[in-house]
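Down below is the structure, laid out as structure tokens.
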Amino acid sequence: MNSPNTSPGLISTAIAQAAAVGGSTTPAWAIWVTWTVTGLAAVAGVIGVWRLILHRRRDARAKRLEPGYAATRSTLIVLNRLIGTSAVIDVTDELKELTDLLTDLAIAEACSPDVPFGLVVAELGHYLECALPSDYSAQVAADLSLLDGYLTLARRQGIKLEATRAAIATVQRRIEKLTQK
């Protein structure tokens with residue numbers, strides 16, 4: 001039978017008294033391991049939530065910047081087709097496309113002031129202002145003194161075309177930096 005000092009009721013009473021006095025039946029190393037694991041789990045949870053928030057913000061920013069990035073990409077494609085030719089009003093089909101893209105870029109500028117879309121809009125606007133009139137060849141044939149002015153206008157077109165391409169590259173790099181994963 002049970003000895004009077006080792007009865008189950010006596011053991012549970014002794015454990016309850018030791019816990020009430022401040023004693024513990026759990027070894028110190030087990031408590032340390034429990035607290036360490038709990039602390040590490042809490043830190044990992046906080047880091048996980050923080051990364052989730054950052055990824056959602058970056059994804060939202062990427063979604064917001066995508067139309068502007070697409071517009072700059074389309075503008076660059078059209079400008080690449082115009083390299084080596086002079087833009088002439090009502091003759092060069094790409095000018096109408098550029099006008100539409102200019103509107104898209106202005107909308108992107110309004111939606112994302114932290115990206116320098118305004119630089120692209122300004123340079124593209126200056127390029128479109130440099131377009132030669134549709135009857136420039138007839139004007140030059142009638143008055144040869146206009147030739148220097150039209151040549152200067154054609155040179156400015158080339159300069160503005162390259163400035164617009166450089167501005168687009170700057171904007172695209174900025175967007176890629178903001179949305180890199």
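What follows draws every value from the coordinates through simple rules; no lab data is involved. Keep in mind it's a predicted model, so treat the numbers as computed, not measured. Here the Cβ positions follow ideal geometry from the backbone for every residue, glycine too, while neighbour counts run over all protein chains shown.
Results, tabulated for the structure shown:
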quantity	calculated
Charge dipole (the chain, unit charges on Cβ, about Cα centre) - positive-most of 74, 34, 84	34
Contour excess over end-to-end distance, with Cα ends at residue 77 and residue 147 and 0.36 nm allotted per residue	22.2 nm
Using alpha carbons only: equivalent-ellipsoid semi-axes of the stretch 27-181, gyration tensor based, whole Å	56, 12, 10
Value of relative contact order over the stretch 13-179, rounded to a whole percent, pairs C-alpha under 8 Å and six or more apart	26 percent
Rounded FRET efficiency, nearest 0.05, which uses the C-beta distance separating residue 60 from residue 89 and R0 of 45 Å	0.65
